[in-house]
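Structure first, then comments.
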Amino acid sequence: FSAYDTAGNKGTVTRTVIVSADPNAPIITLAGNSEIDHEAGTVFQDPGATVADKDGNALDASKIEVTGKVRTDSPGQHVLMYDFSDESGRNAMQIKRKVNVADTLAPEITINGEKDMRIGLNTEFNDPGASVTDIFDDNVQLTVVIPVPVDTTAPGKYEIIYRATDDTGNKTEIIRTVRVLADIIPPVITLIGEATVTVKLGADYDDEGTVAEDDVDGVLTPFIEDSGTVDAVDTSKEGTYVITYDVEDFSGNK
């Protein structure tokens with residue numbers, strides 16, 4: 001405080017005010033971190049807090065008053081404030097939690113149909129298309145890029161690129177491959193012998209095998225695979241065993 005007399009002399013006195021926490025006040029403790037990140041557009045669940053007296057005895061945390069709001073539709077920093085008063089009217093020191101809301105997830109593109117398409121020569125091709133969704137941006141748009149138009153008059157490989165970028169700049173891309181093939185008909189596998197075979201316990205099992213033929217590539221029997229299912233037959237143990245045969249022609253048809 002300062003004062004002047006009529007002669008202009010100045011007198012000054014100082015008062016010191018010390019603010020200190022009530023040593024008997026309850027103490028609030030946050031559950032989790034005091035600053036957390038949260039994905040925009042998703043439900044926010046406050047981790048909450050606990051409260052105890054000066055001796056560490058738990059108090060009723062349901063009486064903690066939380067002010068502030070986390071808007072998950074509004075990227076940025078949001079602040080929650082936690083307050084508590086015990087039955088004696090002692091106030092706990094206010095605790096704050098910062099919640100950083102941000103859109104970090106890219107849009108999700110879903111391709112209609114197969115990602116790797118195989119079509120025959122001289123057949124009509126129509127792109128089955130795709131759809132896009134974004135957890136935060138409801139207006140995200142899908143862009144389709146076809147570097148080279150699909151020509152079904154000759155064998156070839158083509159790509160259809162689906163792209164999307166949300167308002168925050170998160171990007172995603174999915175590529176559909178379209179293969180135009182002279183041969184799109186799979187080979188035929190024929191069992192030698194019966195489809196169901198009964199073997200005595202402990203007897204040897206000799207698989208009769210199969211034959212395979214393709215309308216373009218001819219006999220493919222040497223390329224038949226059983227993926228180890230023949231060797232898996234154990235005649236020392238009762239049971240039912242399934243043998244699977246696979247073959248692929250030179251155009252990739254199975």
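What follows draws every value from the coordinates through simple rules; no lab data is involved. Just so you know, these numbers come straight off a predicted model, no measurement behind them. Please note: Cβ atoms are built from the backbone with ideal geometry, for glycine as well, and neighbour counts cover all protein chains shown.
Structural remarks
- Cα-derived Rg to Rh of the chain, Kirkwood definition: 1.37
- Rough spin-label spacing in nm, given labels placed 7 Å along Cα→Cβ, for E194 and E65: 8.5 nm
- Table column - 3J(HN,Hα) (Hz), the range 161-173, Karplus curve with 6.51, -1.76, 1.60, x for Gly and Pro: 9, 10, 10, 8, 9, 8, 4, 7, x, 5, 10, 8, 8
- Contact order, relative form, for the range 56-109: 31 percent (alpha carbon pairs under 8 Å, 6 or more residues apart, mean separation divided by residue count).
- Using C-alpha pairs under 8 Å with a sequence gap of at least 6, the mean separation divided by the residue count of the range 74-187 gives a relative contact order of 26 percent.
- In terms of its alpha-carbon gyration tensor, the range 152-251 comes out oblate; a/c meets the 1.5 threshold, while b/c is at least as large as a/b.
- Dividing the mean sequence gap of close Cα pairs (under 8 Å, 6+ apart) by how many residues the range 185-254 holds gives a relative contact order of 38 percent.
- Charged-residue dipole, Cβ positions (Lys, Arg, Asp, Glu), the chain about Cα centre, Debye nearest 20: 2280 debye
- Reported to the nearest whole Å, the Cα centre-to-centre distance from the range 143-181 to the range 45-109 is 47.
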